[in-house]
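Asks: One structure coming up, written as structure tokens, with questions to follow.
The values are calculated or read from the model by the stated rules, or taken from the named source; none is laboratory data. What you see is a predicted model, and the numbers here were worked out from it, not measured in a lab. Cβ placement follows ideal geometry from the backbone for every residue including glycine, while neighbour counts extend to all protein chains displayed. The protein model used for the area step is the full one, side chains on, heavy atoms only, and it has no ligands, DNA or RNA in it. Shrake-Rupley method; radii C 1.70, N 1.55, O 1.52, S 1.80 Å.
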Amino acid sequence: MPAEPTQPALPANGADPGQPAWGPDDAAAWSFQILGQTVRIACDDAAPARVLRANFAALPAADAQAEADLDYRACRHPQGEGWMLLRRGQPAVTAPDLCELLYHLEKDLIIALQLRRPTLLHLHAAALEFQGRAWLLAGESGAGKSTTAWGLLHHGFNYLSDELSPVDLEALAVHAYPHALCLKRRPPNAPPWPEGQVLELGRTMHIPVAALPAAVAPSPCPLGGMLFVRHDPLLREPELRPLHAAEAGAHLYVTTLNALAHARHGMDAVVGLAKSVPAWSLTTADLDGTCRLVRKLALQQGRQAGD
């Protein structure tokens, strides 16, 4: 993790000492919409522009003349190697490489969305759609939720998100956050790999949405189930175990990013969600076998919901 930034905050008027002023006609800037917020990103260099555009390409474009709610700039560090990320009114952040630059932008954006849409329950979870219902995949870092999501996209599921799942608690529906799917490594025995289309950033790989084998599902999408994922390298066959609401709630609370924005530290929201949406523990093994098992479960739940 980079050291604490020492650069000053970007002034409110957008002036950045030593850098061109930001302007609405900046050819290296683009805007998109997410959760009702207009996000603008400007880049002074082709390298971050290529990475950041590919990462957010699937989010709907915003009106070029719309005022940005969140205004970012990525540029080369003026005092040496590496990059600098700025957001209006916030301290600048330094990054030694493009992998770290993208990480800091995603982190800042996710936190900002939580502050701007506090009534949503923001979960650290992947979200996929199957037959009109959203399935959440949550788990500790490295548990394999993004790898499982990548596999399920080859088994009839459509894409909503691989990292952030903002849930509307009244509608019991999840909003999409369709950035590029992020993997730490190429999965073994995985489905066909989109050679030449993956952003290889060293510590992480990012598969742009256009390179995914499935479409982005409409959102918000009503919830159909929640899977809490763990990987056991010694397991020969994947396992599913239904969870009672109390156990599901305990798992769910750990994945909640903005619990303190809700009443009683988020307990009521989490318990209500756990009581309303069925949940399972998923221990993954072989990726294809795991995906077949999850698809079978989703089909069963769909038939039960239709009865």
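Asks: If one puts a single equal scatterer on every Cα of the stretch 16-172 and applies the Debye formula without solvent, what log₁₀ I(q)/I(0) results at q = 0.16, 0.19 Å⁻¹?
Replies: -1.00, -1.27
Asks: List every residue whose amide H lies under 5 Å from the amide H of His179, counting only residues 5 or more places away in sequence or on a different chain, with H placed 1.01 Å from N in the peptide plane.
Replies: Amide H neighbours of His179: Asp162.
Asks: Next question, about the same structure. Given +1 on the Cβ of Lys and Arg, -1 on the Cβ of Asp and Glu, and no further charges, what dipole in debye does the stretch 23-133 carry about its Cα centre, rounded to the nearest 20?
Replies: Computed charge dipole of the stretch 23-133: roughly 300 debye.
Asks: Picking from Ala46, Ala285, Ala210, which is most flexible by a Gaussian network model of the chain using Cα springs under 10 Å?
Replies: Answer for the Gaussian network model of the chain: Ala46.
Asks: Going out from 0 in 5 Å bins, what whole percent of all Cα-Cα distances in the stretch 145-228 drops into each bin?
Replies: Once binned at 5 Å, the Cα pair distances of the stretch 145-228 give 3, 14, 25, 26, 16, 10, 5, 2, 0.
Asks: Using a basic spin-label model with each label point 7 Å from the Cα along Cα→Cβ, how many nm lie between Glu237 and Lys107?
Replies: 4.3
Asks: Using a probe radius of 1.4 Å on heavy atoms only, what accessible surface per residue do you get for the chain? Whole Å² is fine.
Replies: Normalised by residue count, the accessible surface of the chain is 47 Å².
Asks: Using alpha-carbon positions, what is the distance between the centroids of the stretch 178-252 and the stretch 105-139, in Å?
Replies: About 13 Å separates the Cα centre of the stretch 178-252 from the one of the stretch 105-139.
Asks: Percent of accessible area on the chain owned by carbon and sulfur, 1.4 Å probe?
Replies: Whole-percent figure for carbon plus sulfur exposure: 52.
Asks: Given only helices, namely DSSP H runs of n ≥ 4 each adding -39500 (n - 2.57), what is the per-residue ellipticity at 222 nm of the chain, to the nearest 500 deg cm²/dmol?
Replies: Here the helix-only value at 222 nm equals -8000 deg cm²/dmol.
Asks: Another question, then. Using Cα-only point scatterers and the Debye equation, what is log10 of I(q)/I(0) for the chain at each q in 0.08, 0.10, 0.11, 0.12 Å⁻¹, rounded to two decimals?
Replies: The Cα Debye sum returns log10 ratios of -0.37, -0.58, -0.69, -0.82.
Asks: What full-extension length gain, to one decimal in nm, is calculated for Ala305 and Gln65 as 0.36 nm per residue of separation minus the Cα-Cα distance?
Replies: Result for the pair: 82.0 nm of gain on full extension.
Asks: For Leu223, which sequence-distant residues (separation of 5 or more, or a different chain) have an amide H within less than 5 Å of its own amide H, given hydrogens modelled in the peptide plane?
Replies: Those qualifying (amide H under 5 Å, at least 5 residues apart or on another chain) are Ala134, Ala173, Val174.
Asks: List residues of the stretch 278-300, by number, whose backbone nitrogen lies under 13 Å from a label position 7 Å along Cα→C-beta of Glu247.
Replies: The answer is 279-283, whose backbone nitrogens lie closer than 13 Å to the label point.
Asks: Based on DSSP, what percent of beta bridges with both residues in the chain are antiparallel, to the nearest 5?
Replies: 70
Asks: Compute the length gained on full extension between Asp97 and Glu140: take 0.36 nm times their separation in residues and subtract their Cα-Cα distance, giving the result in nm to one decimal.
Replies: 12.9 nm
Asks: Right, something else. Hey, with R₀ at 51 Å, roughly what FRET efficiency would Lys275 and Gln79 work out to, going by the Cβ-Cβ distance, to 0.05?
Replies: The value I calculate is 0.40.
Asks: Suppose every K and R has +1 on its Cβ and every D and E has -1 on its Cβ; what is the size of the dipole of the stretch 89-147 about the Cα centre, in Debye to the nearest 20?
Replies: 320
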